[in-house]
Amino acid sequence: MIRILPAIDIIDGKCVRLTKGDYDTKKVYDTEPLEMAKQYEDCGIQQIHIVDLDGAKSAQPINLNIVETIKNKTSVKVEFGGGIKTDQAIADCNNAGVDQFIIGSLAVKDPDKVKRWISQKGAERFVIGADVSEGYIAINGWQEASNVKLDAFINDYAEAGAIYFLCTDISKDGMLQGSSKELYRELIDHSPDIKLIASGGVTSLEEVEELQQIGCDAAIIGKAIYEKHITLHAMKQFISQS
C-alpha cells in the first residue's frame, strides 16, 4: 500500500508553502507544525515529510527544535531535509529524532560524502532527493540546473545501495495541477528495485491511488491539504480503508 507523507515546510517556525520552490511565493498558514503533526497522527499517518526552508538557505538545519518537539509529543516518524551538508548536521538531526535524512543538492555536489553516509549509517536512513527540471537534476533550492541527468543520477546511487528516492518535478510543485505520473512510470520501469517517493502537484486521493498503481512507494502531499483540496477527514477514511 502506498504511503501518504504530508509535507510540513517551515520558515521562521511557521508552516508555509511555496510555488515551484520560489521563496517569493511564500504563503504562511496559521497552523503550527506540532498541531499539524498531531492532526496527521490522528488521521493514521505514520510518517511526515519536513523541509527546513530556513536551513536550506543557511546550509545548516535551523528548525530541529520543532522536529524534536514533534518527536516528543507524537508517535510519527519524520523524514527531514534542509541544510544537511556535514557530519555535524547528520549528528544534530539524529539527536533531534530524525528517522530519515533527505539529501538533495549535496548528493549532486559531493556524492562521495553521501555514499559514505549511506555505507556507515544504513541505506534505509536516507532519502536521495532527485529534483528534476526538463530531465536534469536541479540544485541549490531548485534555482540552478545541473548537468546531471535524472536517470543516470538514480542509477549511480542505486548501485551505491540507496533505496529511497524522492523525485519532484519542479514544474508541478505547488501548482495543484497533478503530478508527473508518466515520469514516475518511466523511472520505476527503468529502476524497478528503488522505492520512489512522488512529490509535486498531487491534488487528490484518486491521484494517490494512480501513483500506487504505477508502483510508487509513497506520495508527498502539501498544498492540497492546506488548501483543502484534500480534507483531513477524507484522508483519514482513505487510510483506514487501505
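Bear in mind that the values in this text are calculations on the coordinates, not laboratory data. Quantities reported herein were computed from a predicted structural model and do not represent experimental measurements. No Cβ is skipped: glycine too gets one built from the backbone with ideal geometry, and neighbour counts run over all protein chains shown.
Along the charge dipole of the chain, Cβ charges K/R +1 and D/E -1, which of ILE103, ASN72, ILE221 sits furthest on the positive end?
ASN72
Using 7 Å Cα-to-Cβ label points, what is the THR25/GLN120 separation (nm, one decimal)?
3.7
Provide the per-residue ³J(HN,Hα) series for the stretch 187-197, in order, calculated from phi with Karplus coefficients 6.51, -1.76, 1.60 and θ = phi - 60°, each as a whole number of Hz, with x at glycine and proline positions.
Result, ordered by residue: 5, 5, 4, 7, 9, x, 8, 7, 9, 9, 9 Hz.
Under a crude label model (7 Å from the Cα following the beta-carbon direction), how far is GLN213 from THR86 in nanometres?
In this crude spin-label approximation the distance works out to 4.9 nm.
What pairs from LYS71/LYS195; LYS71/LYS236; LYS77/LYS236 go past 19 Å between their alpha carbons?
Going by Cα-Cα distance, LYS71/LYS195; LYS71/LYS236 fall outside the 19 Å limit.
Report for the stretch 3-241 the percent antiparallel among DSSP-assigned beta bridges with both residues inside it, nearest 5.
25
Run the helix sum for the chain: -39,500 (n - 2.57) per DSSP H stretch of 4+ residues, divided by residue count, reported at 222 nm to the nearest 500 deg cm²/dmol.
-11000 deg cm²/dmol
Rank the residues HIS190, HIS49 as a footprinting-exposure proxy: fewest other Cβ atoms within 10 Å of their Cβ go first.
With the sparsest Cβ surroundings first, the list reads HIS190, HIS49.
Semi-axes of the stretch 3-241's equivalent ellipsoid from the Cα gyration tensor, sqrt of 5 times each eigenvalue, largest first, rounded to whole Å?
Working through the eigenvalues yields semi-axes of 24, 21, 17 Å.
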